[in-house]
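J.: Before we start, here is the structure in question, set down as structure tokens.
The values are calculated or read from the model by the stated rules, or taken from the named source; none is laboratory data. Remember, it's a predicted structure, so these values are computed and weren't measured experimentally. Methodologically, a virtual Cβ is constructed for each residue, glycine included, from the backbone with ideal geometry; neighbour enumeration extends over all protein chains shown.
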Amino acid sequence: MDNSYISSVPIPACVVDKDGIVTAANPLMKNVFVYEDIIGYNFFTLTGVRREQLMGANSDEIIVDRNNRVFKLWINEDAEEDQDIVVFFDEATARESFRSRLESEKAAIVYINIDNYDELIASAPEDYRRVIPSQIDGMVRKWGDAFESPVISTGDERYVMYTSQGQLGEMIKDNFSVLDDVRGIESQIDFPASISIGAGISGKSLIESSELAEAALELALGRGGDQAVVKNDDGTHYYGGTLQSFEKHNRGKAKVIAHAMKSLIMEADKVFIMGHRWPDMDSFGSAIGASAICTYLDKDSHIVIEKHNEALDTIYEYVADTEDYSIIKPDRALRMITPKSLLIIVDTNRPALVESTEVVDACATKIIIDHHRLTDDSYQQSAAVSYIETYASSASELLTELMQHFSQKRFINKLEAEALLAGIMVDSNSFSGRTGVRTFEAASWLRRGGADTTEVKRFFQVRLKDFRAKADAIAAAEFDEDNVAYAINDCTTSNTQIMNAQIADELMTVKDTKASFALGRNERGQTLVSARSLGDLNVQTLMEKLGGGGHFTSAAAQTDEPLAEVLATIKKLVREAFEREEEEKKRSMAKTQEIELIR
């Protein structure tokens with residue numbers, strides 16, 4: 001290539017050979033790099049741009065920030081992969097500055113909701129019933145003023161804030177500190193005050209931004225509240241979420257859901273019930289409970305299960321032997337589904353976990369009954385009825401409550417009561433975690449319905465070799481300086497996830513343990529993780545980073561990554577979480593000291 005002509009080019013330009021070395025450059029390149037002479041240097045090292053980027057279809061979108069200036073890169077039209085190329089630097093400092101300013105000033109909408117408002121007011125002493133909302137109101141408005149963003153009250157528990165993308169970015173850098181401020185209010189009740197924030201920003205329209213903000217707030221509430229969710233055209237981002245979900249005493253919602261559920265079941269020609277893949281006791285028990293409701297309403301129902309693990313063998317055989325329940329595979333369900341069919345999804349709300357996405361897509365009408373925190377890909381938006389309560393111990397607990405609103409008469413049989421009780425017990429670790437008053441009331445109702453706790457224990461019996469594998473994993477567990485336990489389960493079976501959960505639960509009984517992680521591989525070669533904590537660590541957000549999910553103190557994940565890599569990743573995430581907590585404590589202490597000085 002003749003390089004002599006680039007000296008006459010009116011913008012910075014240089015020639016790069018096939019090895020990435022700069023062979024020629026015009027004098028204007030000094031506007032790009034502070035170096036006097038870049039000939040002989042590697043172009044891609046200097047700019048941080050890859051050769052495939054320059055040669056790609058989107059090469060005209062490459063922006064380089066150098067020497068306090070912004071340049072847009074492009075190459076000669078006849079450039080080929082194995083030949084020299086000419087790279088031109090078109091200065092775009094003013095244009096990019098203007099574009100950045102436009103982006104920063106783009107309108108954003110933020111919705112703010114006081115969590116559990118009715119419970120907060122009803123539980124607070126009379127003297128605090130007006131004080132608490134007033135304090136929250138003052139904090140929210142002061143927070144908005146700090147970012148030059150007006151806050152408008154739209155009800156006792158709801159606010160809307162109008163702001164800009166630039167100010168929203170500052171709120172994110174501040175990690176939505178108003179969440180901590182509200183949580184620190186003295187409420188004189190057994191749970192703290194908290195708020196949820198949903199922010200939406202779209203380049204399309206304000207209506208789109210408003211819809212994104214509504215969806216973000218719904219997601220924040222569905223994940224247990226006390227957090228901020230930001231939705232934009234690029235995706236969803238989560239902040240906060242340090243409180244566990246608190247039990248609601250108002251049962252009005254369950255009654256409304258039961259009524260809506262009854263109407264949809266009666267209108268359907270066929271009812272299909274489905275949980276997550278490789279169902280556990282809660283998924284199966286809640287499916288049996290949903291089937292019992294259909295039987296009471298004289299509607300045939302079909303439980304959709306592809307495969308189950310060994311831990312479910314005993315109760316599965318009991319159910320199959322009665323011949324009172326139709327358990328079918330997804331391919332048969334797909335042949336039976338009609339436009340008037342109803343699908344009841346239990347114990348999950350995510351496409352990545354459901355037994356069959358094809359069955360979900362084939363059913364136009366869906367009901368979701370779940371106790372797991374929402375994620376961005378949840379089926380909730382497409383469901384006719386969604387009953388997702390993160391405070392509940394299990395989906396079986398929610399089904400038990402719903403049954404009580406269908407009839408004054410207890411219409412379930414002994415096996416159904418035991419299946420539901422088993423579901424509650426497995427997800428609450430035999431009532432030792434994630435239990436509230438309503439959990440025990442549901443169990444009491446099932447006990448009066450014929451559930452025999454001795455029979456339920458039979459459902460949890462394991463093989464001797466599995467018992468020994470659990471004991472070995474617990475004995476060899478590693479405890480780090482943060483009092484977090486890590487155990488490896490060497491038993492590779494379809495029962496691995498159940499065993500991991502039991503190992504993680506057992507490790508939490510060790511004094512001073514803050515969290516536990518049990519890892520193992522199943523017969524399909526996947527790495528399975530069960531995570532537990534006592535509230536010092538939000539294991540749900542950690543497991544979400546591995547593609548899983550769950551609750552604040554109980555979560556799980558499965559991945560195709562090697563076990564050693566997954567363990568290293570978890571340890572890194574745990575350390576980062578504790579470091580963030582330490583930084584947050586320092587920031588909180590500094591803010592407290594600042595307030596004391598002002599006083």
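J.: Looking at the range 496-509 only, could you name the residues that are in contact with a helix residue (DSSP H, G or I) (Cβ under 9 Å, 6 or more places away or on another chain), β-branched (Val, Ile, Thr) and surrounded by fewer than 23 Cβ atoms within 10 Å (Cβ to Cβ)?
T.: Within the range 496-509, none qualify.
J.: In the list Thr453, Thr400, Thr493, which residue meets the criterion of being buried (at least 20 other Cβ atoms within 10 Å of the Cβ), more than 27 Å from Asn522 (Cα to Cα) and of a type in the set (Val, Ile, Thr)?
T.: Among Thr453, Thr400, Thr493, only Thr400 is buried (at least 20 other Cβ atoms within 10 Å of the Cβ), more than 27 Å from Asn522 (Cα to Cα) and of a type in the set (Val, Ile, Thr).
J.: Let me ask you something else. Is it true that Val484 is outside the structural domain of Val426 (by TED's automatic domain parsing), hydrophobic (A, V, I, L, M, F, W, C), buried (at least 20 other Cβ atoms within 10 Å of the Cβ) and modelled with pLDDT of 90 or more?
T.: When the stated conditions are applied, Val484 passes them.
J.: Restricting attention to the range 330-346, which residues are assigned to a helix (DSSP H, G or I) and of a type outside the set (A, V, I, L, M, F, W, C)?
T.: Kept after step one, since they are assigned to a helix (DSSP H, G or I), are these residues of the range 330-346: 330-336.
Answer for the range 330-346, where residues must be assigned to a helix (DSSP H, G or I) and of a type outside the set (A, V, I, L, M, F, W, C): Pro330, Asp331, Arg332, Arg335.
J.: Of everything in the range 124-141 that's at pLDDT below 75 and in a helix (DSSP H, G or I), which residue is nearest to the chain's Cα centre (by Cα)?
T.: Going through the qualifying residues, I end up with Tyr128.
J.: Out of all the residues in the range 558-571, is one or more closer than 23 Å to Phe431 by Cα, touching a strand residue (DSSP E or B) at 6+ places or on another chain (Cβ under 8 Å) and among the polar types (S, T, N, Q)?
T.: no
J.: What number of residues within the range 115-127 are surrounded by 20 or more Cβ atoms within 10 Å (Cβ to Cβ) and in contact with an Asp or Glu (Cβ under 8 Å, 6 or more places away or on another chain)?
T.: Quick first cut of the range 115-127, residues surrounded by 20 or more Cβ atoms within 10 Å (Cβ to Cβ) only: 115-116, 120.
Okay, now just the ones that are also in contact with an Asp or Glu (Cβ under 8 Å, 6 or more places away or on another chain), so 115.
Matching residues across the range 115-127 total 1.
J.: So the check is Cβ under 9 Å with 6+ separation or different chains; which pairs have a first residue in the range 268-291 that's over 23 Å from Asp361 (Cβ atoms) and a second one that's of a type in the set (S, T, N, Q) and assigned to a helix (DSSP H, G or I)?
T.: Asp280/Gln497; Met281/Ser396; Asp282/Ser396; Gly285/Ser396; Ile288/Ser396; Gly289/Ser396; Gly289/Thr400
J.: Please go through (1) aliphatic (A, V, I, L, M); (2) farther than 18 Å from Ala557 by Cα; (3) in contact (Cβ under 8 Å) with a residue 40 or more places away in the chain for Leu537 and return the number of the only condition it doesn't satisfy.
T.: (2)
J.: Here's another thing I want to ask about it. Residues of the range 280-329 being in a helix (DSSP H, G or I), farther than 15 Å from Leu421 by Cα and charged (D, E, K, R), which ones?
T.: Matches in the range 280-329: Glu310, Asp313, Glu317, Asp321.
J.: Continuing with the same structure: Go through (1) under 28 Å from the mean Cα position of the chain (by Cα); (2) over 29 Å from Gly224 (Cα atoms) and name the single condition Ala473 misses.
T.: (1)
J.: Further, regarding this structure: Taking the condition basic (Lys, Arg) and surrounded by 19 or more Cβ atoms within 10 Å (Cβ to Cβ), does Arg532 pass?
T.: yes
J.: Among the helices (runs of 4 or more DSSP H) confined wholly to the range 1-114, which include 3 or more residues that are of a type in the set (D, E, K, R) and surrounded by 12 or more Cβ atoms within 10 Å (Cβ to Cβ)?
T.: It comes to 93-104.
J.: Moving on to the next point. Search the range 88-100 for residues that are at pLDDT below 80 and pair each with any residue that is hydrophobic (A, V, I, L, M, F, W, C) when their beta-carbon atoms are under 8 Å apart and the residues are at least 6 apart or on different chains.
T.: Glu96/Ile63; Glu96/Val70; Ser97/Val70
J.: Continuing with this model, one more query. Condition check: closer than 17 Å to Val385 by Cα and modelled with pLDDT of 95 or more. Does Val256 satisfy that?
T.: For Val256, the condition - closer than 17 Å to Val385 by Cα and modelled with pLDDT of 95 or more - is not met.
J.: Go through (1) under 19 Å from Glu218 (Cα atoms); (2) over 23 Å from the mean Cα position of the chain (by Cα); (3) not aromatic (Phe, Trp, Tyr) and name the single condition Leu179 misses.
T.: All conditions pass for Leu179, except number (2).
J.: In addition: Given the structure, is Ala476 among the aliphatic types (A, V, I, L, M), surrounded by fewer than 22 Cβ atoms within 10 Å (Cβ to Cβ) and under 21 Å from Glu565 (Cα atoms)?
T.: Considered against the rule, which asks whether it is among the aliphatic types (A, V, I, L, M), surrounded by fewer than 22 Cβ atoms within 10 Å (Cβ to Cβ) and under 21 Å from Glu565 (Cα atoms), Ala476 comes out as yes.
J.: So, in the range 403-446, of the ones that are under 21 Å from Lys253 (Cβ atoms) and among the aromatic types (Phe, Trp, Tyr), which residue ends up modelled with the lowest pLDDT?
T.: Phe406
J.: Collect the residues in the range 196-230 that are assigned to a strand (DSSP E or B) and either hydrophobic (A, V, I, L, M, F, W, C) or surrounded by fewer than 24 Cβ atoms within 10 Å (Cβ to Cβ) (or both), keeping them in residue-number order.
T.: Scanning the range 196-230 gives Ile197, Ala199, Ile201, Ala228, Val229, Val230.
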